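Visitor: My questions will all concern the structure given below.
The values are calculated or read from the model by the stated rules, or taken from the named source; none is laboratory data. All values reported here derive from a predicted model rather than from experimental measurement. For neighbour counting, all protein chains shown are included, and Cβ atoms are generated from backbone atoms with ideal geometry for every residue, glycine included. For the accessible areas, the whole protein counts, side chains as well, though only heavy atoms, and no ligand, DNA or RNA atoms are used. Shrake-Rupley method; radii C 1.70, N 1.55, O 1.52, S 1.80 Å.
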Amino acid sequence: MTHNLLQGKRGIIFGALNEESIAWKVAVKAVEEGASITLSNTPMALRMGQLDELSKQLNAPIVAADATNVEDLEKVFEESVKLLGGKIDFVLHSIGMSPNVRKHRTYDDLDYSYLQKTLDISAISFHKMLQVAKKQDAIAEYGSVVALTYVASQRTFFGYNDMADAKSMLESIARSFGYIYGREKNVRINTISQSPTPTTAGKGIKDMDNLMDFANKMSPLGNADAEECANYCVMMFSDFTRKVTMQNLFHDGGFSSMGMSLRAMNQYAKDLTPYEDENGKVIYG
C-alpha cells in the first residue's frame, strides 16, 4: 500500500548493490511513494552487483561514483539535478566497508592503512557528500539526508571491529553538519541505527547469525528487517519529519533500550517454567 509520501520529490540513493541491500529496498519504496531518483555506487560495485536491473525496474539513471572521491561526488549531484529536473529533496548514504573485517584483522591488530580506508569509505564519504551538496546548493530547502548506522557506534559488539569507529564518526558528522546545513539551508541530517541486517556487507561481520539471533531475543518487537528500514527512511524523507534533524534514530525493535530480556535470559536458562504462573502463562513483569 502506498501513500504518495514522496510525490514529486527527487532523490539520490547511494549504496544499492543487490536485492539484499537496504539501499535497494529504499530505492524501490521511494519510487513507489512517488519519487524520481538516481542511483549511485562504485564502478566495481556496478560490475559485481545487479544495479542495472534496479535501474531498469525503477527507470532510475545510474551515476557511477567512488563516494570517497570529491570530483565523482560533484558529478553525481550535478548530473542528478539535470536528470531529475531540479534540486534534490532527499539523499541516502548507505555505504560501509572495512578491509580489516574482510581480512580478518582483529581490533588489537589493525592494519592502519586499512583503518584509514574504513573511515574514508564508511564515514568521511558522508562529510564529502554533504560538503559537495552544500557548495553546489544541490539540496532543496527542507531536504532530508539520511545515513545508516549501527548501535556498535555507542556500545562494544564482538566482531564489529573498526566499523564501530567509523559509525561513531558518521553520527558525529550528522550532528556537526546538521547544525550548519540546518541553520543555513533548512536541510535536515539524521542517522538511522538499524537492527543487524543480513546485507552483503552485514554478512561480513563475524558471527552475524548469532548477533542477529541475540538482538532478536533482546528486542521486544524483534529485529527490524530491511523492508521495514526502507519504510522508515521514506518517512524520514517525507514532509512529516521537516523538523527532525541531528538525531540518531534507533530502528531496532527496542534493542537499544534493553538491558536483558526474558528470551535472552532463557538462552542460558533453557527453561521458562520459573517465569510461568499456575496456568502456564509467562509473566513478563
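Visitor: Please go through the residue pairs Lys135/Lys243; Lys56/Lys103; Lys29/Lys135 and name each one whose alpha carbons sit more than 24 Å apart in this structure.
Guide: Lys56/Lys103; Lys29/Lys135
Visitor: Moving on. Considering only DSSP states other than H, G, I, E and B, which trypsin sites (Lys or Arg not before Pro) in the stretch 67-144 qualify as loop sites with at most 12 other Cβ atoms within 10 Å?
Guide: When the trypsin sites (Lys or Arg not before Pro) of the stretch 67-144 are filtered for loop state and at most 12 Cβ neighbours within 10 Å, Lys103 remain.
Visitor: How big is the chain in terms of Cα radius of gyration and Dmax, in angstroms?
Guide: 19.7, 68
Visitor: Under 19 Å from the Cα of Lys281, which lysines turn up, not counting those fewer than eight places away in the same chain?
Guide: Lys217, Lys270
Visitor: Let me ask you something else. Going by the alpha-carbon gyration tensor, a ≥ b ≥ c the square roots of its eigenvalues, is the stretch 152-259 rounded (a/c under 1.5) or, if a/c is not under 1.5, prolate (a/b greater than b/c) versus oblate? Provide the component values of the computation, followed by the final result.
Guide: On the way: a/c = 2.24, a/b = 1.59, b/c = 1.40.
Cα axes put the stretch 152-259 in the prolate bin.
Visitor: To the nearest 500 deg cm²/dmol, what mean residue ellipticity at 222 nm is calculated for the chain from DSSP H runs of n ≥ 4 alone, each contributing -39,500 (n - 2.57), summed and divided by the residues?
Guide: Working: 11 runs with 118 residues, N = 285.
Result for the chain, helices only: -12500 deg cm²/dmol.
Visitor: Ok, one more. Please determine, in degrees from 0 to 90 and to the nearest 10, the orientation of helix 125-136 with respect to the longest principal axis defined by the Cα atoms of the chain, where the helix direction is its Cα long axis.
Guide: The angle comes out at about 30 degrees.
Visitor: Also, quick follow-up: Give me Rg over Rh for the stretch 1-124, both radii from the alpha carbons and Rh done the Kirkwood way, two decimal places.
Guide: 1.03
Visitor: Now, a different point. By DSSP, what percent of the beta bridges with both residues in the chain are antiparallel, rounded to the nearest 5? Kindly include the intermediate steps, with their values, before the conclusion.
Guide: Values: 1 of 26 bridges.
Given both bridge residues lie in the chain, the antiparallel proportion sits at roughly 5 percent.
Visitor: Can you pull out the trypsin sites (Lys or Arg not before Pro) in the stretch 143-249 that DSSP calls coil and that have at most 16 other Cβ atoms within 10 Å?
Guide: Working: sites: Arg155, Lys167, Arg175, Arg183, Lys185, Arg188, Lys203, Lys206, Lys217, Arg242, Lys243; in loops: Arg155, Lys206, Arg242, Lys243.
Sites meeting the loop and neighbour criteria: Arg155, Lys206, Arg242, Lys243.
Visitor: Residue by residue through the stretch 155-171, which ³J(HN,Hα) values in whole Hz follow from phi under the Karplus form 6.51 cos²θ - 1.76 cosθ + 1.60 (θ = phi - 60°), with glycine and proline marked x?
Guide: 9, 8, 10, 3, x, 6, 6, 6, 5, 5, 5, 5, 5, 4, 5, 4, 5
Visitor: Continuing with the same structure: Compute the FRET efficiency between Ser168 and Asp52 as 1/(1 + (r/R0)^6), taking r as their Cβ-Cβ distance and R0 = 51 Å, and round to the nearest 0.05.
Guide: Taking R0 as 51 Å, the efficiency between Ser168 and Asp52 is 0.90.
Visitor: Put Leu130, Leu115 in order of accessible area, largest first, 1.4 Å probe: what do you get?
Guide: Leu115, Leu130
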